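Colleague: Take a look at this one; I'll ask things after.
The values are calculated or read from the model by the stated rules, or taken from the named source; none is laboratory data. Please read all numbers here as calculations on a predicted model, not as lab measurements. Note that each Cβ is placed from the backbone with ideal geometry, even for glycine, and that neighbours are counted across all protein chains shown.
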Amino acid sequence: MNRRTHPLEVIAAWLLALLWLAPLAYAFWSALHPAAYATSFSLSAPWTLENFARAWNQAPFGRYYLNTVVLVVLILIGQLALSTLAAYAFARFKFRGSGIAFALVLLQLMIMPDVLIVENYRMIGKLGLLDTIPAIALPYLASAFGIFLLRQTFKSVPQELVEAARVEGAGPLQILWRVYVPLARPTYVAFGLVSVSYHWNNFLWPLIVTNSVEARPLTVGLAVFGAPETGVDWSIITAATVMTMGPLLFAFLLFQRQFVQSFMRAGIR
Amino acid sequence: MNAWLLLLPAAVLLIAFTHFPILATIRHSFFITRRTGAEVFVGLDSYHSMAADPIFWRALVNNFWFALGTIPTSIALALLMAMWVNRNMRGRGFLRLAFFMPTVLPMIAVANIWLFFYTPDYGLLDQLRGLFGLAGWNWLGDPGTVMGCLIVMVVWKEAGFFMIFYLAALQQLSPDLEEAAAVEGAGRWYTFRRITFPLLMPTTLFVAINAVINSFKLVDHLVIMTKGGPNNASTLLLYYIYEVAFVFQDSAYAATLTVVLLVLLSGVALVKFGYLDRRIHYQ
């Protein structure tokens, strides 16, 4: 039984929410109106998609989209596969050194690839992969976070189910595939959403390792496009900005609850 | 079935892109690379020049102010938002959506939008000031205002993310407590101060630790908003590392700077695993 909320508090909450939405609303306003209305808000302002068309034609955003999609899919598949195998090892096998090995994995939670940019760049250079999409993906493919989340989930799988599968003659990999993986679906969804959001939005590392249209993801493409020295019109830059965040924002509006829950699960570790 | 075989693929990549780079960073901080490409051992020389580098100290101090400016404010706002969203309030779904939305946006897109707010004269903020007859101001070009501007933007970006942890914690709290307090005649503020807030302490510490880690990682916006300027007034340690390594092409010094960042992050890790995890139980 909640105490009644004071009407003033309801108003305050709504004001804050509107304030929070304002920057985004502004971006949409500016992107959907001619440049002359970028700062004058009038109900009679004509709506237009011209800014989007011009942004799309002035920079290879189609290619950037493709690169970003390839990148996030590549990372997601790699992370899911590697984390599943590693988490299975930690959750269900007793082996010498497993404690130390797990601690070494967890180290990546504190010292993320994001801060090891100098040496990772050297490493990617040695591998001859500079300016490629795999170069952006590689440092993130082994995810301590994914291993940690899945290990926790796997540990909660009832031993009876495992025994039942074993009696039916299933080997360790079959048990993983038929018992553990299906039961961990919610964890996979949560991890997947967070991973896709993170890598769709990631910027600094892709900026460092890419140098061409063929490898650049959307975020880097947007930064190159919007750089002040290019002198591109403000409304067109906002249109490009909206394009960059559009797909993720749309997914968020559709699956709001799922997003919030995934970020929460992912954060509490 | 050998457990090590299952671990192998992840282990190879973790070693290649986390463990080896950490060791290589430390090693490279004791060497410099000659123009011929030869590596020369210089001992602590790089550390001495770092200690004498005013930009390094500027970045470190900025990191401190950036953390101090963003963390308490976003935590307070997050708590307020969570308490509102947790109530039976009209449109709480909409409120949650509005508060959380910045979390899913790319920092680089956020920076683009806010860059326009802060643009001198033509930007939204100066247009508003113009309504009151105030002159334009170069918000990001003034060392006195640039940090504040960036802090406001980051608070906007982060508060909603922290909100969800408070929301989860609030939903775990027994409603009996608040009811009992109400029966005893405790006021709302008193109930919050003496009951709700202390019970949320584990969440607050948890969020604070994550916020500290984030404050070392968040530099994307600097690349397009200020490039660390004016006069290094907004530079942060990771951004300075990026600049030294990839703009000034001095990877030996960048390694030395990275060691400092690694030490700072390890310090946070020690606090988190050594002290907090013993006192906080999430699950």
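Colleague: Let me confirm something: among A:Ala215, A:Ala164, A:Ala144, which residue is of a type outside the set (Lys, Arg) and in contact with an Asp or Glu (Cβ under 7 Å, 6 or more places away or on another chain)? Quick ask: steps written out before the conclusion?
Modeller: Details: A:Ala164 fails: in contact with an Asp or Glu (Cβ under 7 Å, 6 or more places away or on another chain); A:Ala144 fails: in contact with an Asp or Glu (Cβ under 7 Å, 6 or more places away or on another chain).
After applying the criteria, what remains is A:Ala215.
Colleague: Check whether at least one residue in the range A:243-256 is of a type in the set (Val, Ile, Thr), at the interface with another protein chain (Cβ under 8 Å from one of its Cβ atoms) and in contact (Cβ under 8 Å) with a residue 24 or more places away in the chain, and report yes or no. Spell out the reasoning first.
Modeller: Here is the first cut: in the range A:243-256, the ones of a type in the set (Val, Ile, Thr) are A:244.
Retained after the next criterion (residues that are at the interface with another protein chain (Cβ under 8 Å from one of its Cβ atoms)): A:244.
Then drop every residue that is not in contact (Cβ under 8 Å) with a residue 24 or more places away in the chain, which leaves A:244.
Checked the range A:243-256: at least one residue is of a type in the set (Val, Ile, Thr), at the interface with another protein chain (Cβ under 8 Å from one of its Cβ atoms) and in contact (Cβ under 8 Å) with a residue 24 or more places away in the chain.
Colleague: Among the candidates A:Trp205, A:Trp177, single out the residue that is under 20 Å from B:Leu222 (Cβ atoms) and of a type in the set (A, V, I, L, M, F, W, C).
Modeller: Values: A:Trp177 fails: under 20 Å from B:Leu222 (Cβ atoms).
Selected residue: A:Trp205, the only one of A:Trp205, A:Trp177 that is under 20 Å from B:Leu222 (Cβ atoms) and of a type in the set (A, V, I, L, M, F, W, C).
Colleague: Here is a further query. Look at B:Arg58 and say whether it is among the basic types (Lys, Arg), out of contact with any strand residue (DSSP E or B) (no Cβ under 7 Å at 6 or more places or on another chain) and in contact (Cβ under 8 Å) with a residue 24 or more places away in the chain. Even if it seems obvious, please write down each step before you answer.
Modeller: Working: among the basic types (Lys, Arg): yes; out of contact with any strand residue (DSSP E or B) (no Cβ under 7 Å at 6 or more places or on another chain): yes; in contact (Cβ under 8 Å) with a residue 24 or more places away in the chain: yes.
It is true that B:Arg58 is among the basic types (Lys, Arg), out of contact with any strand residue (DSSP E or B) (no Cβ under 7 Å at 6 or more places or on another chain) and in contact (Cβ under 8 Å) with a residue 24 or more places away in the chain.
Colleague: Next up: So the check is Cβ under 9 Å with 6+ separation or different chains; which pairs have a first residue in the range B:111-138 that's over 16 Å from B:Thr226 (Cα atoms) and a second one that's among the small types (Gly, Ala, Ser) and assigned to a helix (DSSP H, G or I)?
Modeller: B:Asp121/B:Gly130; B:Gly136/B:Gly130
Colleague: Of all the residues that make up the range B:248-276, how many are part of a loop (DSSP other than H, G, I, E, B) and either within 21 Å of B:Phe64 (Cβ to Cβ) or among the basic types (Lys, Arg) (or both)?
Modeller: Within the range B:248-276, the subset part of a loop (DSSP other than H, G, I, E, B) is B:248-250.
Right, trim to either within 21 Å of B:Phe64 (Cβ to Cβ) or among the basic types (Lys, Arg) (or both) and you get none.
Matching residues across the range B:248-276 total 0.
Colleague: Further, regarding this structure: Going by the structure shown, is B:Ile15 in contact (Cβ under 8 Å) with a residue 24 or more places away in the chain and either of a type in the set (Val, Ile, Thr) or not assigned by TED's automatic domain parsing to the domain that holds B:Arg193 (or both)? Walk me through how you get there before you give the answer.
Modeller: Numbers: in contact (Cβ under 8 Å) with a residue 24 or more places away in the chain: no; either of a type in the set (Val, Ile, Thr) or not assigned by TED's automatic domain parsing to the domain that holds B:Arg193 (or both): yes.
No; evaluated as a whole, the condition is false for this residue.
Colleague: While we're here: Return a yes/no flag: does the range A:129-137 have any residue that is among the acidic types (Asp, Glu), in contact (Cβ under 8 Å) with a residue 60 or more places away in the chain, more than 9 Å from chain B (Cβ to nearest Cβ) and over 25 Å from B:Gly274 (Cβ atoms).
Modeller: Kept after step one, since they are among the acidic types (Asp, Glu), are these residues of the range A:129-137: A:131.
From what is left, the residues that are in contact (Cβ under 8 Å) with a residue 60 or more places away in the chain are A:131.
So of that shortlist, the ones also more than 9 Å from chain B (Cβ to nearest Cβ) come out as A:131.
If we keep only those that are over 25 Å from B:Gly274 (Cβ atoms) too, we end up with A:131.
Yes, there is a match, as at least one residue in the range A:129-137 is among the acidic types (Asp, Glu), in contact (Cβ under 8 Å) with a residue 60 or more places away in the chain, more than 9 Å from chain B (Cβ to nearest Cβ) and over 25 Å from B:Gly274 (Cβ atoms).
Colleague: Can I ask one more? Quick one: which helices (runs of 4 or more DSSP H) lie wholly within the range B:175-233 and hold at least 2 residues that are in contact with a Gly (Cβ under 9 Å, 6 or more places away or on another chain)?
Modeller: Here the list reads B:201-217, B:220-225.
Colleague: Here are the criteria: (1) on the phi > 0 side of the Ramachandran plot; (2) surrounded by 15 or more Cβ atoms within 10 Å (Cβ to Cβ). Tell me which single one B:Gly91 does not satisfy.
Modeller: All conditions are met except number (2).
Colleague: How many of the residues making up the range B:41-63 are closer than 21 Å to A:Tyr121 by Cβ and either small (Gly, Ala, Ser) or touching a Lys or Arg at 6+ places or on another chain (Cβ under 6 Å) (or both)?
Modeller: Matching residues across the range B:41-63 total 2.
Colleague: Which one of B:Leu167, B:Leu200 is modelled with pLDDT of 85 or more, over 30 Å from A:Trp29 (Cα atoms) and at the interface with chain A (Cβ under 9 Å from one of its Cβ atoms)?
Modeller: None of the other options fit; the residue is B:Leu167.
Colleague: Does B:Phe30 satisfy the condition of being of a type in the set (Phe, Trp, Tyr) and modelled with pLDDT under 90? Show your work before the answer.
Modeller: Working: of a type in the set (Phe, Trp, Tyr): yes; modelled with pLDDT under 90: no.
Against the criterion (of a type in the set (Phe, Trp, Tyr) and modelled with pLDDT under 90), B:Phe30 does not qualify.
Colleague: Would you tally the residues in the range B:230-273 being aromatic (Phe, Trp, Tyr) and within 16 Å of the chain's Cα centre (by Cα)? Even if it seems obvious, please write down each step before you answer.
Modeller: Start the filter on the range B:230-273 by keeping residues that are aromatic (Phe, Trp, Tyr), which leaves B:239-240, B:242, B:246, B:248, B:253, B:273.
Narrowing the set further to residues that are within 16 Å of the chain's Cα centre (by Cα) leaves B:239-240.
Number of matching residues: 2.
Colleague: Looking at B:Gly136, is it within 14 Å of chain A (Cβ to nearest Cβ), surrounded by fewer than 17 Cβ atoms within 10 Å (Cβ to Cβ) and part of a helix (DSSP H, G or I)? Full working, then the answer.
Modeller: Numbers: within 14 Å of chain A (Cβ to nearest Cβ): yes; surrounded by fewer than 17 Cβ atoms within 10 Å (Cβ to Cβ): yes; part of a helix (DSSP H, G or I): no.
It is false that B:Gly136 is within 14 Å of chain A (Cβ to nearest Cβ), surrounded by fewer than 17 Cβ atoms within 10 Å (Cβ to Cβ) and part of a helix (DSSP H, G or I).
Colleague: Filter the range B:25-54 for residues that are in contact (Cβ under 8 Å) with a residue 24 or more places away in the chain and of a type in the set (Gly, Ala, Ser) and give the result.
Modeller: Hits for the range B:25-54 are B:Ser29, B:Ser46, B:Ser49.
Colleague: Continuing with the same structure: Of all residues in the range A:57-71, how many are buried (at least 16 other Cβ atoms within 10 Å of the Cβ) and more than 29 Å from A:Gly192 (Cα to Cα)?
Modeller: Matching residues across the range A:57-71 total 1.
Colleague: Now, a different point. Report those helices (runs of 4 or more DSSP H) wholly inside the range B:1-84 carrying at least 2 residues which are away from chain A (no Cβ under 11 Å).
Modeller: The qualifying helices (runs of 4 or more DSSP H) are B:45-51.
Colleague: Are there any pairs, at least 6 apart or on different chains, whose C-beta atoms fall under 6 Å, with the first in the range A:181-203 and under 20 Å from A:Met245 (Cα atoms) and at the interface with chain B (Cβ under 10 Å from one of its Cβ atoms) and the second buried (at least 22 other Cβ atoms within 10 Å of the Cβ) and charged (D, E, K, R), and if so, which?
Modeller: A:Phe203/B:Asp220
Here's the yes/no breakdown for (1) closer than 30 Å to A:Ala144 by Cα; (2) at the interface with chain B (Cβ under 8 Å from one of its Cβ atoms); (3) touching a Leu at 6+ places or on another chain (Cβ under 8 Å); (4) outside any helix (DSSP H, G or I):
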position: A:Trp14; (1), (2), (3), (4): no, yes, yes, no
position: A:Ala25; (1), (2), (3), (4): no, no, no, no
position: A:Ser30; (1), (2), (3), (4): no, yes, no, no
position: A:Ala36; (1), (2), (3), (4): no, no, no, no
position: A:Ala55; (1), (2), (3), (4): no, no, no, no
position: A:Val70; (1), (2), (3), (4): yes, no, no, no
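Colleague: If you don't mind, there's one more thing I want to ask. Please give the helices (runs of 4 or more DSSP H) falling wholly within the range A:177-269 in which 1 or more residues are of a type in the set (Lys, Arg).
Modeller: On the way: elements: A:185-201, A:204-209, A:218-226, A:234-254, A:256-267.
It comes to A:185-201, A:256-267.
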